[in-house]
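Encoded as structure tokens, the structure appears first; notes follow it.
The values are calculated or read from the model by the stated rules, or taken from the named source; none is laboratory data. Note that the coordinates shown come from a computational prediction; the quantities given were computed from them, not determined experimentally. So basically every Cβ, Gly included, is an ideal-geometry build from the backbone, and we count neighbours across all protein chains shown. With ligands, DNA and RNA removed, areas are computed over all heavy atoms of the protein, side chains included. Shrake-Rupley method; radii C 1.70, N 1.55, O 1.52, S 1.80 Å.
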Amino acid sequence: MSRIFSGVQPTGNLHLGNYLGAIRNFVGLQDDYECIYCAVNMHAITVWQEPNELRNNTREVAAAYLAAGVDPEKSIIFAQSAVHAHAELAWIFNCVARIGWLNRMTQFKEKAGKNRENASLGLYAYPSLMAADILAYKATHVPVGEDQKQHLELTRDIAQKFNNDFGKEVFPIVEPLIFGEATRVMSLRDGSKKMSKSDPSDYSRIALTDGRDDIARKLKKARTDADPLPETVDGLEDRPEAANLVGIYAALSGQSKADVLKEYAGSQFSVFKPALTDLAVEKFGPVGEEMKRLMTDPAYVDDVLAKGAERASAIANPIIKEVKEIVGFLGA
Ligand code: AQP
């Protein structure tokens, strides 16, 4: 059976990009696949996390999954650190992946910035842990936003090299599932940068827990150009901020960008932004409200995570055992 794995880092400030690029897509996959959804707290500590915030943010990721409609009876929801297989397989993959492959990862370059010498070793090895997250379950499909495409290619390279090195088809070659009209939601302040949790400006992103007033304020301030909306998608070229808002509208309304432009061609942003605000409040306002409600019941969320970790371990442990035997570890 095809198996889905995906994760979100519990680094706070969950935003519309995380929702449209990933979390929302998790829900529809539950009917056709066995789905495993993780709060990847081991990835989160590749940059400094305050321990209490990390605990809270881990619950918040689980709450976001649940609020979006992931059913914990059907799908597995858990925290990465609770399943040993991730760390064990990551080490083996650190010895399979080549330094040259990791040197090409653009996310490391972006996140480490100029202060590369001072970045954690974990940040550098992040894609190898990500490969372990997926392959510890022999997952076949991974729903993610476009920014993760390069890391998934590395996962494929690691799987292929492991299979070649040991002469066995142990790991599947995973397929990314990147779909919808908003696979890369951009910052509201700068259409050339992706919307991100770590952007210092709160105005750059719409948080999943933002209410109507916050959403309206942020969209009102969102950078745009002075022209009305064009008639065709081609007319959005070289207008990154306009393209971003139209893309968000399309993703939220379930239309194509072309359909949105049919309705709003010639409209000024003074008309389009309030319409987008109403749509955003209607479409993900209830998700934010449910997240807030779930966060008042941490015992329930912790219970979901604990049961999920047990189910995840039951799948991953035999796979790790098999891998250790193949590698030649005694006492696997
Ligand atoms: N702007 C985005 N548009 C579409 N999808 C996005 N994702 C992230 N940003 C966008 C997708 O959300 C999932 C979870 O992301 P993550 O938490 O693992 O880390 P990230 O990709 O590094 O996300 P952020 O929000 O930008 O965090 P920071 O600021 O810490 O780097 C992934 O599927 C991702 O593709």
**Asked** So which of S270, S198 ends up being open to solvent by 60 Å² or more (accessible area, probe 1.4 Å), over 19 Å from the mean Cα position of the chain (by Cα) and among the small types (G, A, S)?
**Response** S270
**Asked** Of the residues that make up region 191-199, is at least one among the hydrophobic types (A, V, I, L, M, F, W, C), on the phi < 0 side of the Ramachandran plot and in contact with a Gly (Cβ under 7 Å, 6 or more places away or on another chain)?
**Response** yes
**Asked** Any chance region 148-157 includes a residue that's away from the ligand (no atom under 16 Å from the Cβ), in contact (Cβ under 8 Å) with a residue 24 or more places away in the chain, surrounded by 14 or more Cβ atoms within 10 Å (Cβ to Cβ) and among the basic types (K, R)?
**Response** no
**Asked** Could you say whether any residue in region 139-147 is open to solvent by 40 Å² or more (accessible area, probe 1.4 Å), at pLDDT below 95 and within 14 Å of the ligand (Cβ to nearest atom)?
**Response** yes
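Listed here are the residues, each with its yes/no results for (1) assigned by TED's automatic domain parsing to the domain that holds S267; (2) out of contact with any helix residue (DSSP H, G or I) (no Cβ under 9 Å at 6 or more places or on another chain).
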{"site": "V170", "(1), (2)": "no, no"}
{"site": "V174", "(1), (2)": "no, no"}
{"site": "D190", "(1), (2)": "no, no"}
{"site": "D210", "(1), (2)": "yes, no"}
{"site": "D225", "(1), (2)": "yes, no"}
{"site": "E231", "(1), (2)": "yes, no"}
{"site": "D234", "(1), (2)": "yes, yes"}
**Message:** Can you tell me how many residues within region 158-186 are within 18 Å of L89 (Cβ to Cβ) and either within 13 Å of the ligand (Cβ to nearest atom) or out of contact with any Asp or Glu (no Cβ under 9 Å at 6 or more places or on another chain) (or both)?
**Reply:** 14
**Any hit, region 321-330, residues being more than 20 Å from the chain's Cα centre (by Cα), open to solvent by less than 30 Å² (accessible area, probe 1.4 Å) and under 30 Å from F166 (Cβ atoms)** = yes
**Prompt:** For region 222-237, which residues satisfy the criterion of being surrounded by 13 or more Cβ atoms within 10 Å (Cβ to Cβ) and assigned to a helix (DSSP H, G or I)?
**Reply:** V233, G235, L236
**Request:** Taking the residues in region 158-179 that are in a loop (DSSP other than H, G, I, E, B) and over 18 Å from the mean Cα position of the chain (by Cα) as candidates, determine which candidate is surrounded by the most Cβ atoms within 10 Å (Cβ to Cβ).
**Result:** F171
**Prompt:** R205 fails exactly one of the following numbered conditions: (1) within 11 Å of the ligand (Cβ to nearest atom); (2) open to solvent by less than 60 Å² (accessible area, probe 1.4 Å); (3) more than 29 Å from Q255 (Cα to Cα). What is the number of that condition?
**Reply:** (3)
